[in-house]
Each structure stands twice: as C-alpha cells, then as structure tokens.
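Following: one structure in structure tokens, then a few remarks.
The values are calculated or read from the model by the stated rules, or taken from the named source; none is laboratory data. Model, not experiment: these values are computed from the prediction. Note that each Cβ is placed from the backbone with ideal geometry, even for glycine, and that neighbours are counted across all protein chains shown.
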Amino acid sequence: MVPGKMCLSPSLASGDLQTRRSWSRVAYLCVSLPDDLAEALWRAPHSVITQGETLRKVGARSTVRLRWRNQHFVVKHYVEPTLRHALKQNIVRSRARSTWLAAQKLADAGIATPRPVACVENRCGPFRGDSYLMYPYLEGQTLRSFLGGDEESGRPLVEAIRDQLVEFWCRLRDMRVSLADSNLKNFIVGEAGRLFVIDVDKVRFHRVAFVALRHHQRAWRQFARSAHKSGGLAERLVAELRGRM
C-alpha cells in the first residue's frame, strides 16, 4: 500500500481491493490505504471513529471527519436503531455494505460521488452487527451555501453547475436510479466548480421503468422544495433546470 495516495480511480478492480474475514468481522479495504490505517480499521474500527471530528450524530449513528497523516476521510458508523432493523440487515446487506456497493456502482457509471475506500462489518458468525463506511473527504461547500452567495460574481460558475445538474438528473433517470435524500445540502461544489453528490446511503436501483420514474420524480420534487426553501438564486436555478429537462 502507498501512504498518501487517494483511491479515487475511475473504477475499482478486484486487485485494488483487499477482503479480510474472521468470525467477528468482515472488512473490504482499498489497497491504497496506508497500512496502519487499514490495520486499525480491521482490528478496532471504533477506535478510528473516536479519533475523528464529529460532523453529525443522530442517536447511536455518527459521522466524523478523520485526518490520517496528510489525508482526510469521512467515516460513518451505522448502528441499527431498533431490533427490527437489526434483524433485517441479517436478511439483506448491512447499511455500510449497501452504501459501499451503491456508491461504487454510481462512480463506475460516471456519477461524481466519493468512492468508498473501506467498509467494515462487525459480526458474530453469520449475524451482522454495527458497520462502518469510509470515503475521501471533499473540500468545498454545499450547493445550498454556494447558491446563497453573490449571483453576479459567480454567474459563469452557476451556469456550469446548472449544466452538471441537467446531466446528473438525466443520467439518474436513464440508469433507473433514485435518491432518497436529494436536498441541496447533499451536493458539494468542489474544486473548479465540479459538483458531487454525497450521502448516497439510500440510493435505489430499480428494475421496472415506471417504478424508477415515479421515485425519480419524487427525488426531483424534494430537490425543488429544498431550492424553494433557500429562495433567490437556488429557486431560479431550479426554474432553469425545469426548462432543460
């Protein structure tokens, strides 16, 4: 493994991934992670969480920003809130594993989203417990914050973001993919105005076209409502988007 190298490649081949299994844990680790970080995630993932700066905490679930050497990551810790949810993930995948697979698939399809670099599940034999997901931290500002700035000075960049949003929503529609949370705060304006979508925890891939379209439209309405609440430039941007989609 090469310390200091981010796993942001266009695709994640099998040779780029290390899978480790034991009775009490399963881990999927990008080989570009520093050796000591990969080992910490494998041996004591919760100790990694405690070293980070808390970004969000809802109940037992937490999201932190972790600095490891010269790299910055986001680490999410998923703890199922009820017994029903805990039992459900022993039938389907854990929340971290589901998000890992969804984000990899979106990134492979050219959707700008941080590609996860680690997924860890605590287990007791075949039974899944809490889980962890890690991906590179993106420097930038939320789309909501960006659209709250000065319109005239940022107009060329706003137009570029508008074009990216048109491509993004059309691409999701063509892929039969829907977002569960499409608020403006879940889009990051990064370096050179590149737009990323984050928090794809509950993204859905649909097999049936009309079902996909229904959920896609619901996600778009949520995005539009979020823009309406922000008002001003955000609301005008959505109006422009409607005319091009």
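Scanning the range 200-210 for residues that are in contact with a strand residue (DSSP E or B) (Cβ under 9 Å, 6 or more places away or on another chain) and either without any contact (Cβ under 8 Å) to a residue 12 or more places away in the chain or surrounded by 15 or more Cβ atoms within 10 Å (Cβ to Cβ) (or both) turns up Asp201, Val203, Arg204, His206.
The set of residues in the range 24-38 that are surrounded by 13 or more Cβ atoms within 10 Å (Cβ to Cβ) and over 21 Å from the mean Cα position of the chain (by Cα) comprises Arg25, Pro34.
To keep it simple, each residue is scored yes or no on (1) outside the structural domain of Asn186 (by TED's automatic domain parsing); (2) closer than 24 Å to Glu139 by Cα; (3) modelled with pLDDT of 95 or more.
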site: Arg21; (1), (2), (3): yes, no, yes
site: Arg25; (1), (2), (3): yes, no, yes
site: Tyr28; (1), (2), (3): yes, no, yes
site: Arg61; (1), (2), (3): yes, yes, no
site: Leu66; (1), (2), (3): yes, yes, yes
site: His72; (1), (2), (3): yes, yes, yes
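Quick check on my filter: what residues within the range 201-218 are assigned to a helix (DSSP H, G or I) and touching a helix residue (DSSP H, G or I) at 6+ places or on another chain (Cβ under 8 Å)? Those that are assigned to a helix (DSSP H, G or I) and touching a helix residue (DSSP H, G or I) at 6+ places or on another chain (Cβ under 8 Å): Ala212, Leu213, His216.
Does Arg173 meet the test of being among the charged types (D, E, K, R) and in contact (Cβ under 8 Å) with a residue 24 or more places away in the chain? When the stated conditions are applied, Arg173 passes them.
Suppose we filter the range 177-223 for residues that are basic (Lys, Arg) and closer than 21 Å to Arg244 by Cβ; how many remain? Show your work before the answer.
The initial filter retains those residues of the range 177-223 that are basic (Lys, Arg), namely 185, 194, 202, 204, 207, 214, 218, 221.
Filter once more, keeping what is closer than 21 Å to Arg244 by Cβ: 194, 218, 221.
Total satisfying the criteria: 3.
Beta carbons closer than 9 Å, at least 6 apart along the sequence or on distinct chains, pair a first residue in the range 124-137 that is modelled with pLDDT of 95 or more with a second that is part of a loop (DSSP other than H, G, I, E, B) and among the basic types (Lys, Arg) for Tyr135/Arg115; Pro136/Arg115.
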